[in-house]
1. Filter the stretch 58-94 for residues that are under 21 Å from the mean Cα position of the chain (by Cα), not in a loop (DSSP other than H, G, I, E, B) and not β-branched (V, I, T); which is modelled with the highest pLDDT?
2. For V40, are the conditions met, namely being β-branched (V, I, T), at pLDDT 80 or above, in contact with a helix residue (DSSP H, G or I) (Cβ under 8 Å, 6 or more places away or on another chain) and in a strand (DSSP E or B)?
3. Mind telling me which of the residues W55, W9 ends up being surrounded by 12 or more Cβ atoms within 10 Å (Cβ to Cβ), aromatic (F, W, Y) and within 17 Å of D75 (Cβ to Cβ)?
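The values are calculated or read from the model by the stated rules, or taken from the named source; none is laboratory data. Note that the structure is predicted; figures quoted are calculated from it, not measured. For neighbour counting, all protein chains shown are included, and Cβ atoms are generated from backbone atoms with ideal geometry for every residue, glycine included.
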Amino acid sequence: MGSGWVLWWSGRQIASVTPGKDGCVRVHLDARKMWETKNVRAASIPQGKRYAERWCAARLYPEIRLRAAVARMVDDNPSEPLPPLPGLSPTPEQSQQARRLAEAGTKELERVNEALEPRKPPVETKPRAKDPMKAWARGGRV
């Protein structure tokens, strides 16, 4: 984002670090609810970035240690799957719904692949002789 930095989490922007006009860096934090925002100043963009990562991780993952929370929030593709958050294991209904969605997705994929297959050439028929009288009668000149 040019000279600034933005942190996205679950499809929304939760922190932004931008240089200010007065030489310092502005940090805007919005981790949980719209009314729980925080605006602070930092000495540099890396300092603002570190502060934003720690502040947001502490609010989004309060039940795990800060270092692990920052790693979980910032890491785009973890090498090993992180343990799920406590209390967020899927219910039987949610797992059934996920299974049904996966089955529907495979059926849709099969339908799309069938539609993308090349069409079969039409069956050859004998050419019909063109009768000039029939064309004249169809034109409304009876």
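1. A71
2. Numbers: β-branched (V, I, T): yes; at pLDDT 80 or above: yes; in contact with a helix residue (DSSP H, G or I) (Cβ under 8 Å, 6 or more places away or on another chain): yes; in a strand (DSSP E or B): yes.
Judged against the criteria, V40 is a match.
3. Numbers: W55 fails: within 17 Å of D75 (Cβ to Cβ).
Unique residue meeting the criteria: W9.
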